Amino acid sequence: MLKKLIYRTVGILSAIIVTVHTNAQTAARSSQSLDGKWQILVDWYGIGNADDIARNKQPAGKNEFVEFSFDNSQTLDVPGDWNSQRNDLKYYEGTIWYKRNFDHQPETGKRSYLQFAGVSYRCEVYLNGSKLGEHEGSFTPFTFDITKSIKPGKNLLVLKVNNERREDAIPARKFDWWNYGGITRSITLAKVPDQHILDYFIQLKKGSLYEIRGWVQLNAKQQQQTITLEIPEAHIKKILTTDSNGRAQINFSAKLKLWSPGQPKLYTVNIYTANDTVTDQIGFRSIEVKGTQILLNKKPVFLRGISFHEEIPQRAGRAYSEADSHMMLFWAKELGCNFIRLAHYPQSEQTVKLAEQMGLMMWEEIPVWQGIQFTNPQILSKANNMLQEMIKRDKNRCGIVIWSLSNETAPSPQRNKVLAQMAHDARLLDSSRLISSAFDHFKYDGNQILIDDPLSESLDVLAANKYMGWYAKWPAGPGNVIWKSNFNKPLIISEFGAEALYGNHGPADTASLWTEEYQEQLYKDNINMFNKTPFLAGVCPWILADFRSPSRMQAQFQQGWNRKGLLSDKGFKKKAWYVMHKYYLQKQKQ
Ligand code: GCB
């Protein structure tokens, strides 16, 4: 029986971390969720001894005690950030140790994989007292092959999780969102056949409406193995054969119904070998640029976007459930969007899958956000590791049309070199999508703003974050700005907006900062500017909903919230929402 694939997460070969994280297509197989209540130890001073904690050391006798012991300790929910689960952890940046036991019944001919969908920010993983490895980065998955270390019966799993902000991390020490810590996404234990399908990539070739390209990779380097690929609804059945690396190429033509926001068609795709079967829902669409246009399935498309953080404002915590993803995505649809910018990091796999099912194109980015240490020789490998993990996880999601490398990084020889290298590496992993990066450094001349960032050469789509009327004064009156570019490429205004406290009103004509009317007028002025920009291929207001940020401590209006939401922290619509909604309805008709 084929099992529906819920989490199709691909593992990693970690570039910076000590342990080899094995690739594994784990989700399609029988899997055990390790979510639920985990016991925890808050290590306020970061002094816990890993050897003792990892084996849950017990007192040797009646007159002994262990200070760092999980016995009778408190619990936290997994998945979930720690900040919103306990008042005293609201601002906590440090280490928490997590522990749970699980049972295991060995099956002959099976391997066991332990898969983490996201742990924030860095973690060490210990199984039965021994270290499996480490991972850095909150937003991408990692997997361990634990076949050799798992025991029949009871097993002890311990994680050391740390969310301290550091200069050499990605993002670095300063960022404009809440630094949620903890096991924020699910943990799964999966059993797979010894010889199994490790990974696969199936998409339309760039620029083609019918040529299907890709590959299937087995875990063992076995030559001449037969793999079957089926798309039953389209009566497609292809027999593939592996090369000496255990990889089979996919290369055939078929006339399939194309995926688009209007008709987000997905096909069931089955891949099987003699031992193993995986099933996925895959859509087929082409995305390319022609001059200053973005073409979806060969037709120009205007990206009617919105950004959001992976945060539920009403709960003031990180989003973790399917219901959470639904809420954010329904709002995006209600606004009239056909596109979302997943800011500023890969959001959960369930958000990406739901968005695709709902007909939303996506921009997905890694958290290379402002002040990154580009001169640090480790940064390229850290960033590339995240890029690889993101692309590996979501490369079969046709809803993703743009991979983005960075947000608001200042041009410098070193930054230009690192990001150009990443653009190159991203294309090696996936040549079917567009590459972008959000800029905020431009040249000004009167009312003209010029895009001249040298990184543009390496990108398919240009993206500008520009807060006209908020951080930047209109040089020649509201709306009066002309965008120029040194490159014949499409432009997305990837951020614009202003802060408004919901319910704070003032007169429309002389509106003062922080009022809904000021934000509303600023949206109208920005739309005027958009209408004067012929090479504009999309816009993306900042942001769907107010979000929490300790950088935003203005006492009267912010109180720890960035108020640029079109929705308030309670989900109420501000006046600017309706301006944007109207604009998107008009754009949809054009
Ligand atoms: C930006 C950043 C975004 C901030 C936003 C703001 O340019 O990309 O992360 O939250 O501005 O509100 O200032």
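Taking the Cα centre of segment 208-285 as the origin and placing charges on Cβ (Lys, Arg +1; Asp, Glu -1), which of Phe252, Thr228, Ala274 is farthest toward the positive end of the dipole?
It is Phe252, whose Cα lies furthest towards the positive end.
Give the residue list of GluC sites (Glu not before Pro) in segment 34-131 that are DSSP loop and have at most 10 other beta-carbon atoms within 10 angstrom.
Numbers: sites: Glu64, Glu67, Glu93, Glu107, Glu124; in loops: Glu64, Glu67, Glu93, Glu107.
Taking segment 34-131 and a limit of 10 other Cβ atoms within 10 Å, the loop GluC sites (Glu not before Pro) found are Glu64, Glu67.
Across segment 195-210, in residue order, what do the Karplus-derived ³J(HN,Hα) couplings come to in whole Hz, using 6.51 cos²θ - 1.76 cosθ + 1.60 with θ = phi - 60° and x for Gly and Pro?
Along segment 195-210, the couplings run 9, 9, 7, 7, 6, 7, 9, 9, 8, 6, 4, 3, x, 10, 9, 9 Hz.
In debye, nearest 20: dipole of segment 208-285 around its Cα centre with unit charges on the Cβ of K, R (+) and D, E (-)?
Values: 9 positive and 6 negative charges, 46 e Å.
Taking the Cα centre of segment 208-285 as origin, the dipole is about 220 debye.
Given the pairs Lys257/Lys564; Lys206/Lys589; Lys395/Lys484; Lys160/Lys191; Lys110/Lys160; Lys205/Lys417, which are separated by over 31 angstrom at their Cα positions? Don't skip to the answer; put the middle values down first.
Values: Lys257/Lys564 39 Å; Lys206/Lys589 27 Å; Lys395/Lys484 33 Å; Lys160/Lys191 24 Å; Lys110/Lys160 28 Å; Lys205/Lys417 28 Å.
Long pairs (Cα-Cα over 31 Å): Lys257/Lys564; Lys395/Lys484.
Can you give me the relative contact order of the chain as a percent, contacts being Cα pairs under 8 Å and 6 or more apart? Spell out each step's value before the answer.
On the way: 1443 pairs, mean separation 70.9, N = 590.
Relative contact order of the chain: 12 percent.
Go through Asn72, Trp177, Gly118 and say which Cα lies farthest out towards the positive end of the charge dipole of segment 2-193; charges sit on Cβ, +1 for Lys and Arg, -1 for Asp and Glu.
Towards the positive end, the residue furthest out is Gly118.
What percent antiparallel are the DSSP beta bridges of the chain, to the nearest 5? Can you show the working numbers first?
Details: 89 of 125 bridges.
Rounded to the nearest five, the antiparallel share is 70 percent.
Could you go through segment 478-487 in sequence order and give the Karplus-derived ³J(HN,Hα) for each residue, using 6.51 cos²θ - 1.76 cosθ + 1.60 with θ = phi - 60°, rounded to whole Hz, and x for Gly and Pro?
Each residue of segment 478-487 in turn: x, x, 8, 9, 10, 7, 10, 9, 7, 10 Hz.
May I ask you to give the percent of accessible area on segment 208-285 that is carbon plus sulfur, with a probe radius of 1.4 Å? Spell out each step's value before the answer.
Numbers: 1690 of 3800 Å².
It is 45 percent, rounded to a whole number.
Could you check how much of the accessible area of segment 352-403 is carbon and sulfur, as a whole percent, using a 1.4 Å probe? Walk me through the numbers on the way to the answer.
Details: 570 of 1090 Å².
For segment 352-403, the apolar C and S fraction of the accessible surface comes to 53 percent.
For segment 403-418, take each phi angle, set θ = phi - 60°, evaluate the Karplus expression 6.51 cos²θ - 1.76 cosθ + 1.60, and give the result in whole Hz per residue in order, putting x for glycine and proline.
9, 10, 8, 6, 10, 6, 9, 6, x, 7, x, 5, 4, 4, 5, 4
The values are calculated or read from the model by the stated rules, or taken from the named source; none is laboratory data. Please read all numbers here as calculations on a predicted model, not as lab measurements. All Cβ positions, even for glycine, are placed from backbone atoms using ideal geometry, and neighbour counts span all protein chains on display. Surface accessibility is based on the protein's heavy atoms, side chains included, excluding ligands, DNA and RNA. Shrake-Rupley method; radii C 1.70, N 1.55, O 1.52, S 1.80 Å.
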